[in-house]
Structures are given as C-alpha cells and as structure tokens.
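Visitor: The following block contains the structure, expressed as structure tokens.
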C-alpha cells in the first residue's frame, strides 16, 4: 500500500521563483564590492604554441591596474578535476599557461578599474606565438608524433570484464556489430562562467563562485596558490545553470590570485565564446560494439570498446572512461561482457563533467546496437529489452565480483518499458506509423533505455555532514554542503526535512554551501548523489532530531513518549498542552541544559541504479534531411518523486539536451584546431518552436535505501531521449545512422548511400 505523505511528492512552490521571474535574483555578474576591479582573460588564438606576451602597451592604458602571465603566477601544477585531496591524479594545469594547448587556453589576465579599461588593455597586449604541431582527432592522437603531455597521447586505458567473453560469443547464434560516435558538447548554461574574489578584513581569501563543489574549489585554489585551506573561504552563489560545466574550477584560481596580489576585490565574467572554447565540454567518443544473441533473443555476450577525446588536459580522462564502462554492466543481463576504455589527449577544449557523465555517450550507440539485435531475430525492440533487462535487487551476474559493482537496488526498468509502451501506444503506432508516409516525408518510432547511478559509493568517498537545529522562533536551521544548480535542491531538502518533522517547508532554512560555515561534504553536486545521499543524510538527522524533541518533551512534562505527537510545527501529548517547536527549544535550553540540535556524519548506504526509457515519434523530410520530433515520452524509475513540479522540469530539460545531442549540437574544430562553433549562431541548440512537448511518466516503486524511497532523476533525464530519436529516424528511413548528431547532411548522405 502506497504511503501517504504530507509534503513528499507534492507540488510545493520554490521560494525563489518570484525573484527569478522578475529579474531580481543576483548572480556573480551582478555583484559589486567596494573598490572592485574587473578582470579579462586573454585566451589563446592558437591550438598549440609557446606564448610570449608584451605587456607594455596594455599597461599604458588608463585604468589598467595589472597584467598577469604565467611568469607571475605560482608554478604549482594541479588537476582541476580533483575534487578531494586524497584523489590520486596526475597534474598538468597551471593558473595561467606558458604553452597554450588549445584555442581558448588561459594565457593572461588583464585587471582594470572598469570592464572597459580591462577590455582596452586586453586589446593592446602583443602576443607572440611560436606555433607547435597540432593534434586534432583520434587518429592524430594515436600517431604520437606530437605528444601533448607525458610520454604518450594515450592518457588512460583500462578494461572491465565479467565472465568469459570468448565463451559467450561461442554460444551466440548471431553477432551484431555497430560502430558510432558522439560529439563534444557545450553545456550551454544561460549564465557564463564567472567568479569574484576578495580579501576580507581578517585576511581570509573569499571566493564567490557559482560552482558545484565548494570544497573542491577550496582545495584547488589553496593548492595552486600555496595558501592555507583554513584561510580560503569559498561561497557558493546563485547559479544560472551548470549541467556539469561549473563542476571544475576554471576561473577561481586566477581570480583568487589577482585578488591576493592586488589586495582588492576582482571579478571575472566570461563571454560565450570563451565559455565554449575555454572551459570544459562533454567528451567526444568513437565506439565499437559487438553483441552476441541467441535465436530466441537473449543476449549472451557483449564487447564495447570506447575511445574518448580528453582534450588538452588530464581533467577527467580516467573518471569518464570508468563511469561509462561501469554503467554498461547495469542495464541488461549479460553474463559474459567486456569493456575497454581509452582516453586521448588532443589540442581541443578539455573534457569535463556534462550531465550524465558517460551515460549519454554509452547509450547513444549501444541502444542503436540493441535495436539492431532485436531486428536480427525479428523481435519487437521493446520486447527484446524486456526479455534482457535486469530484475530488481539483482547483481549483474559476475559484475559484482569481477568489477566491484554495487547492487542495483529496486530496479524498475521493466516497469518503465511495459508502462511506457502502453502510455506511448507503442503497439498501435508500430502498425500505423508508416501509413503516414509520403514521397517526401517518412515517419518512424523509436525506443531507448538507459541507466545511471546515485553517487560515488563503491568508487570514491561518499559521505556528508548535517547540522540541524530547532530555533527559538519556531524555525529549523539546516547546515549542509549543498549546491542548488537551479533545479530546486534547496526545496528538495526542505521537503525532506519538513516531512520528517511535520512542519511547513517554508519554516526550514537550508543555506547553500560555504566552506567556513557548512559542515564538510565529500563530493558536492556530482554523480546524481544529492537527493539520495544528502537527502538521505538530512532525513536521518531530522529523524534523530525528532527523537530528541520527543524525549525532551517527555522529560519536561513527565509523560510517556508514546503519547506524544508532532504536527504542523507543534508538539504535545494526549492530556497535556501543545507547544510550538520553538517553545520546546527555549524550555529545553532553560530547564534541560540542551539544545534541540543534531550533528550527523552520514555515509552513503549504497549506489543503486536508476533507470529510464524514452519513446519517440519523428517526421523526417527526405528532401532536406530535417527532423521533427512529434511525440516524446520520457519514463523515469524515480523511486519516489520528492517534488512533482521539479521532477517534471528536470525530465523536460534533460530531454532538450538529449534531443540537441541527437540532432544538432556539436563543438567543431578545423585541422589547425580553430574553433568553428564559438557562439550560438554556429553552435545549434534546439529552439523552443522545434522542441516537442515532453510527456513524462514516473515509476514510483520506492528505493529502500533512498530517503522516502527517492533516487536520482536529473542526469539520467538527459540520456535516453536522444537515442530514442535516433532509433526513430532509422525506423523511418531504414538507415543505420549511429554518428551523432543526425544533421540534415548526415541524413541526406545516408539516404544517398542507400540509393547507390
């Protein structure tokens, strides 16, 4: 029987909504500090070159205060992807670079009294480039004729396997092979990268950053600049979107350096061109997949080889390859499976976290291969997936022991497929969709499944701390290291605490992360861990606080704890008077010498898988190659939705990103490493008129390890719509397009090949 909640699952309104829609919300770019200076980054015009900079003319510009180059900054290397000090990673980045390794690389900072002065100074810098050979694309990287870092352009390589892959393929009646590719993708957050740093009256460095992990920023800044951690304060500001793009410190070390050097506040705000060229991107991949199946449609073996374009610096070279690979073992029951991942250096924008972290690339090609496997045995692609999908609480055969995978939890992938196909009217559309075809237009339907996780448990430290207290004015103060990326994390935490304590969410204050005031959190907003881990911690802390409140009341009023009830911010017992939580806090301090407060260190209890399935119908113009998505259903195995409005928004926004990857989004370089997609006139997002209405369906069957049964939604939402659209295109045209995006040019080329 489904639990009835007071606040969980309800459409509680965000408290920042009115200010955001009226333009009153302040972002870093809106902030001003007394005596503030403005920084402008000089980024490289060349993909690979030794750089010499003449500052003379720039320093003559009125209002220019300083120009910094590599010669001025500490020569301490770091890896911006290192989110905790104990992570063992090679380090190859500097605050500013002497050798530019990609167009957009940081080579100088001009600081001025006004943005205009800084801009004029930037234009007066004389830059000499001693150009070096350029490595663009996988083939050039593999030649190792020019090595970007270390002794080889192969930055990382590892294989994962369970069972015996050769024996598995021996049992197969049919082997299906596919190759495909996915592009570098820009995060396209509305707010470009920005930062503000200053020295406070007590000599502390204060960094204001729209980041995802304040403790990572603290670590990187302290390490790069050689300053004490305890004198480095990082405050998470309101963020205008991230999607992983602000998960790695980019501006913070250089902004902090300038503030320390000049002893004045310094603000840096990037423009779109620099955000595309000089921050991070989703890693491009090329993949080869081989799947062995029986005549009955059971998958008996699979081998996946994926190569990743890591860009110019190490960043996430190992992490994304491993995340991609491990997810390959959590969706289908495949006894014998092997994955090999390789990451290469190239002279392009470095790779970094991008919504889904390997899942979008994995499923982009593997779900096309799954469709082709179903076709090879004459099975419906939905039924083929149901036949092979994992069951709840199941370890993936040998995956647990062989590759160290945690349990998948209450996996409801089959429910997603069954209920989703009914809601989409799959069976009927399968029969009737081709009847819409004309000489010019072709219609098709597609399906794709996907899997993601709930944090780092089993791979990296995954713990957090919570400080929760009842205040005398009947409000609740919650201190945690959380980061709201615009998706409603604060409200999610408020609703979880409100449910546990039976008090209106508006009475709960959950400030965002600040390294001087927030208890430590091991990983911040990464890896889809926030609701599952942070929410789980808050629920446990709130439950402990509730116990303490009941015990305190029983002592104060000499009654049995069994007779005490808490509702709507009041506590009382059957025969005694009701008092507010605030009154109880006052009495507890005055008479019991205790504070109604709990401090909890919480370790993640697991890393269950979370699943999604998307269904799409498309209309393809065979003359122009243009695609219209006319129906899109996204089904999420959510466990338990915390806030239905927020969940729907996550799924709809994720679908937009995924459809964009499928149809139009791609960061492009020429052979010299020049960026060809530097702004939104050349980097093509799906615009509002072209975006279909996204229908959502949530499977809410409760994850035992999650707070109130909840698990992640936000990252997985950006995984399956794209391959569902690609499968629908191939269904409409009879093609096997597996290189993303399916641009008009690629579609016309595929049709031309079919005719020849």
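Visitor: For the range 181-206, enumerate the residues that are part of a strand (DSSP E or B) and under 16 Å from the mean Cα position of the chain (by Cα).
Guide: Let us first name the residues in the range 181-206 that are part of a strand (DSSP E or B), namely 181-182, 185, 194-199, 205-206.
Matches in the range 181-206: 185 only.
Visitor: Of all residues in the range 125-152, count the ones that are touching a residue at least 40 places away in the same chain (Cβ under 8 Å), within 31 Å of the chain's Cα centre (by Cα) and more than 17 Å from residue 671 (Cα to Cα).
Guide: 2
Visitor: Return yes or no: is residue 244 on the phi > 0 side of the Ramachandran plot and either touching a strand residue (DSSP E or B) at 6+ places or on another chain (Cβ under 9 Å) or modelled with pLDDT of 95 or more (or both)? Give the steps one after another, and end with the answer.
Guide: Values: on the phi > 0 side of the Ramachandran plot: yes; either touching a strand residue (DSSP E or B) at 6+ places or on another chain (Cβ under 9 Å) or modelled with pLDDT of 95 or more (or both): yes.
In short, yes.
Visitor: Given the conditions (1) part of a loop (DSSP other than H, G, I, E, B); (2) out of contact with any strand residue (DSSP E or B) (no Cβ under 6 Å at 6 or more places or on another chain), and given that residue 692 satisfies all but one, which numbered condition is not satisfied?
Guide: Unmet for residue 692, out of (1) part of a loop (DSSP other than H, G, I, E, B); (2) out of contact with any strand residue (DSSP E or B) (no Cβ under 6 Å at 6 or more places or on another chain): (2).
Visitor: So is residue 459 modelled with pLDDT under 95 and either within 21 Å of the chain's Cα centre (by Cα) or not in a strand (DSSP E or B) (or both) or not? Full working, then the answer.
Guide: Values: modelled with pLDDT under 95: yes; either within 21 Å of the chain's Cα centre (by Cα) or not in a strand (DSSP E or B) (or both): yes.
Criteria met by residue 459.
Visitor: Among the residues in the range 637-660, are any in a loop (DSSP other than H, G, I, E, B), under 30 Å from residue 455 (Cα atoms) and out of contact with any helix residue (DSSP H, G or I) (no Cβ under 9 Å at 6 or more places or on another chain)? Show your work before the answer.
Guide: Of the residues in the range 637-660, the ones in a loop (DSSP other than H, G, I, E, B) are 638-643.
Keeping just the survivors that are under 30 Å from residue 455 (Cα atoms) gives 638-643.
Now drop any that are not out of contact with any helix residue (DSSP H, G or I) (no Cβ under 9 Å at 6 or more places or on another chain), which leaves none.
No, that holds for no residue.
Visitor: Name every residue in the range 160-170 that is surrounded by 16 or more Cβ atoms within 10 Å (Cβ to Cβ) and out of contact with any helix residue (DSSP H, G or I) (no Cβ under 8 Å at 6 or more places or on another chain), in order of residue number. Spell out how you get there, then give the answer.
Guide: Step one: of the range 160-170, the residues surrounded by 16 or more Cβ atoms within 10 Å (Cβ to Cβ) are 160-163, 165, 168-169.
Within the range 160-170, 165, 168, 169 qualify.
Visitor: Does the range 227-271 hold any residues that are within 20 Å of the chain's Cα centre (by Cα) and within 22 Å of residue 46 (Cβ to Cβ), and which are they?
Guide: 250, 251
Visitor: Could you check the range 1-40 and list, in sequence order, the residues that are under 30 Å from residue 710 (Cα atoms), out of contact with any helix residue (DSSP H, G or I) (no Cβ under 7 Å at 6 or more places or on another chain) and surrounded by fewer than 16 Cβ atoms within 10 Å (Cβ to Cβ)?
Guide: Across the range 1-40, the qualifying residues are 1, 2, 3, 4, 13, 17, 18, 19, 20, 21.
Visitor: Any residue that is outside the structural domain of residue 323 (by TED's automatic domain parsing), within 27 Å of residue 217 (Cα to Cα) and touching a strand residue (DSSP E or B) at 6+ places or on another chain (Cβ under 6 Å) - is there at least one of those in the range 543-566? Show your work before the answer.
Guide: We begin by selecting, within the range 543-566, every residue outside the structural domain of residue 323 (by TED's automatic domain parsing); these are 543-566.
If we keep only those that are within 27 Å of residue 217 (Cα to Cα) too, we end up with none.
There is no residue in the range 543-566 that is outside the structural domain of residue 323 (by TED's automatic domain parsing), within 27 Å of residue 217 (Cα to Cα) and touching a strand residue (DSSP E or B) at 6+ places or on another chain (Cβ under 6 Å).
Visitor: May I pose another question? Is it the case, given these coordinates, that residue 543 is at pLDDT below 95, surrounded by fewer than 18 Cβ atoms within 10 Å (Cβ to Cβ) and not in a loop (DSSP other than H, G, I, E, B)?
Guide: Values: at pLDDT below 95: no; surrounded by fewer than 18 Cβ atoms within 10 Å (Cβ to Cβ): yes; not in a loop (DSSP other than H, G, I, E, B): yes.
So residue 543 does not fit the description; no.
Visitor: So if I check each of 25, 52, which one is assigned to a strand (DSSP E or B) and either more than 29 Å from residue 135 (Cβ to Cβ) or at pLDDT 95 or above (or both)? Working first, answer last.
Guide: Numbers: 25 fails: assigned to a strand (DSSP E or B).
Residue meeting the stated conditions: 52.
Visitor: Out of 95, 103, 126, 110, which single residue is surrounded by fewer than 21 Cβ atoms within 10 Å (Cβ to Cβ) and in contact with a helix residue (DSSP H, G or I) (Cβ under 7 Å, 6 or more places away or on another chain)?
Guide: On the way: 95 fails: surrounded by fewer than 21 Cβ atoms within 10 Å (Cβ to Cβ); 103 fails: surrounded by fewer than 21 Cβ atoms within 10 Å (Cβ to Cβ); 110 fails: surrounded by fewer than 21 Cβ atoms within 10 Å (Cβ to Cβ).
None of the other options fit; the residue is 126.
Visitor: Is it the case that the range 470-477 has a residue that's assigned to a loop (DSSP other than H, G, I, E, B), in contact with a helix residue (DSSP H, G or I) (Cβ under 6 Å, 6 or more places away or on another chain), outside the structural domain of residue 653 (by TED's automatic domain parsing) and within 19 Å of residue 540 (Cα to Cα)? Let's see the steps before the verdict.
Guide: Taking the range 470-477 first, the residues assigned to a loop (DSSP other than H, G, I, E, B) are 471-475.
Retained after the next criterion (residues that are in contact with a helix residue (DSSP H, G or I) (Cβ under 6 Å, 6 or more places away or on another chain)): 472-475.
If we keep only those that are outside the structural domain of residue 653 (by TED's automatic domain parsing) as well, we get 472-475.
Filter once more, so that each one left must be within 19 Å of residue 540 (Cα to Cα): 475.
Yes, the conditions are met somewhere in the range 470-477.
Visitor: Which one of the conditions (1) over 30 Å from residue 337 (Cα atoms); (2) in contact (Cβ under 8 Å) with a residue 24 or more places away in the chain; (3) surrounded by fewer than 24 Cβ atoms within 10 Å (Cβ to Cβ) does residue 254 fail to meet, given that it meets all the rest?
Guide: (3)
Visitor: Just need a number here: residues in the range 487-517 that are out of contact with any strand residue (DSSP E or B) (no Cβ under 8 Å at 6 or more places or on another chain) and in a helix (DSSP H, G or I). Walk me through it before giving the result.
Guide: The initial filter retains those residues of the range 487-517 that are out of contact with any strand residue (DSSP E or B) (no Cβ under 8 Å at 6 or more places or on another chain), namely 487-492, 495-496, 499-500, 504-506.
Narrowing the set further to residues that are in a helix (DSSP H, G or I) leaves 489-492, 495-496, 499-500, 505-506.
The qualifying residues number 10.
Visitor: Look at residue 737 and say whether it is in a loop (DSSP other than H, G, I, E, B) and under 24 Å from residue 525 (Cβ atoms). Steps first, answer last, please.
Guide: Details: in a loop (DSSP other than H, G, I, E, B): yes; under 24 Å from residue 525 (Cβ atoms): no.
It is false that residue 737 is in a loop (DSSP other than H, G, I, E, B) and under 24 Å from residue 525 (Cβ atoms).
Visitor: Something else now. When the residues of the range 672-683 are narrowed to those that are touching a residue at least 24 places away in the same chain (Cβ under 8 Å) and out of contact with any helix residue (DSSP H, G or I) (no Cβ under 8 Å at 6 or more places or on another chain), which ends up surrounded by the most Cβ atoms within 10 Å (Cβ to Cβ)? Don't jump to the end; show me each part of the working.
Guide: Looking only at the range 672-683, we keep the residues that are touching a residue at least 24 places away in the same chain (Cβ under 8 Å), and these are 672-675, 677-680, 683.
Okay, now just the ones that are also out of contact with any helix residue (DSSP H, G or I) (no Cβ under 8 Å at 6 or more places or on another chain), so 672-674.
Values: 672: 13, 673: 23, 674: 16.
Per the criteria, the residue is 673.
Visitor: Related question: Run down 502, 435, 507 and say which single residue is without any contact (Cβ under 8 Å) to a residue 24 or more places away in the chain, surrounded by fewer than 23 Cβ atoms within 10 Å (Cβ to Cβ) and more than 30 Å from residue 328 (Cβ to Cβ).
Guide: Numbers: 502 fails: without any contact (Cβ under 8 Å) to a residue 24 or more places away in the chain; 507 fails: without any contact (Cβ under 8 Å) to a residue 24 or more places away in the chain.
Just a single option satisfies the conditions, and that option is 435.
Visitor: State whether the residues of the range 592-608 include one that is part of a helix (DSSP H, G or I), over 23 Å from residue 720 (Cβ atoms) and not assigned by TED's automatic domain parsing to the domain that holds residue 721.
Guide: In the first step, residues of the range 592-608 are kept if they are part of a helix (DSSP H, G or I); the result is 592.
Filter again for over 23 Å from residue 720 (Cβ atoms), leaving 592.
The next check asks that each one be not assigned by TED's automatic domain parsing to the domain that holds residue 721; those that pass are 592.
Yes, the range 592-608 contains at least one residue that is part of a helix (DSSP H, G or I), over 23 Å from residue 720 (Cβ atoms) and not assigned by TED's automatic domain parsing to the domain that holds residue 721.
Visitor: OK, next. Out of (1) out of contact with any helix residue (DSSP H, G or I) (no Cβ under 6 Å at 6 or more places or on another chain); (2) assigned to a helix (DSSP H, G or I); (3) buried (at least 20 other Cβ atoms within 10 Å of the Cβ), the odd one out for residue 754 is which?
Guide: So residue 754 meets the others, but not (3).
Visitor: Residue under question is residue 492, and the condition is that it be surrounded by 22 or more Cβ atoms within 10 Å (Cβ to Cβ), closer than 16 Å to residue 8 by Cβ and not assigned by TED's automatic domain parsing to the domain that holds residue 235; does it hold? Break it down into steps so the answer makes sense when it comes.
Guide: Details: surrounded by 22 or more Cβ atoms within 10 Å (Cβ to Cβ): yes; closer than 16 Å to residue 8 by Cβ: yes; not assigned by TED's automatic domain parsing to the domain that holds residue 235: yes.
It is true that residue 492 is surrounded by 22 or more Cβ atoms within 10 Å (Cβ to Cβ), closer than 16 Å to residue 8 by Cβ and not assigned by TED's automatic domain parsing to the domain that holds residue 235.
Visitor: State whether one or more residues within the range 725-746 are within 22 Å of residue 488 (Cβ to Cβ), surrounded by 23 or more Cβ atoms within 10 Å (Cβ to Cβ) and under 23 Å from the mean Cα position of the chain (by Cα).
Guide: Of all residues in the range 725-746, those within 22 Å of residue 488 (Cβ to Cβ) come to none.
Scanning the range 725-746, I find no residue that is within 22 Å of residue 488 (Cβ to Cβ), surrounded by 23 or more Cβ atoms within 10 Å (Cβ to Cβ) and under 23 Å from the mean Cα position of the chain (by Cα), so the answer is no.
Visitor: Which count do you get for residues in the range 558-585 that are crowded, with 18+ Cβ neighbours inside 10 Å and assigned to a helix (DSSP H, G or I)?
Guide: Within the range 558-585, residues that are crowded, with 18+ Cβ neighbours inside 10 Å and assigned to a helix (DSSP H, G or I) number 4.
Visitor: Within the range 185-229, track down each residue that is out of contact with any helix residue (DSSP H, G or I) (no Cβ under 8 Å at 6 or more places or on another chain) and surrounded by 24 or more Cβ atoms within 10 Å (Cβ to Cβ).
Guide: 212, 213, 214, 216
Residue by residue, here is whether (1) surrounded by fewer than 23 Cβ atoms within 10 Å (Cβ to Cβ); (2) in the same structural domain as residue 250 (by TED's automatic domain parsing); (3) within 19 Å of residue 719 (Cα to Cα) holds:
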{"position": "292", "(1), (2), (3)": "no, no, no"}
{"position": "296", "(1), (2), (3)": "yes, no, no"}
{"position": "308", "(1), (2), (3)": "no, no, yes"}
{"position": "312", "(1), (2), (3)": "no, no, no"}
{"position": "318", "(1), (2), (3)": "yes, no, no"}
{"position": "321", "(1), (2), (3)": "no, no, yes"}
{"position": "324", "(1), (2), (3)": "no, no, yes"}
{"position": "327", "(1), (2), (3)": "no, no, yes"}
{"position": "333", "(1), (2), (3)": "yes, no, no"}
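The values are calculated or read from the model by the stated rules, or taken from the named source; none is laboratory data. Computed from a predicted model, the values in this text were never measured in an experiment. Neighbour counts are summed over all protein chains in view; Cβ atoms, including those assigned to glycine, are modelled from backbone coordinates with ideal geometry.
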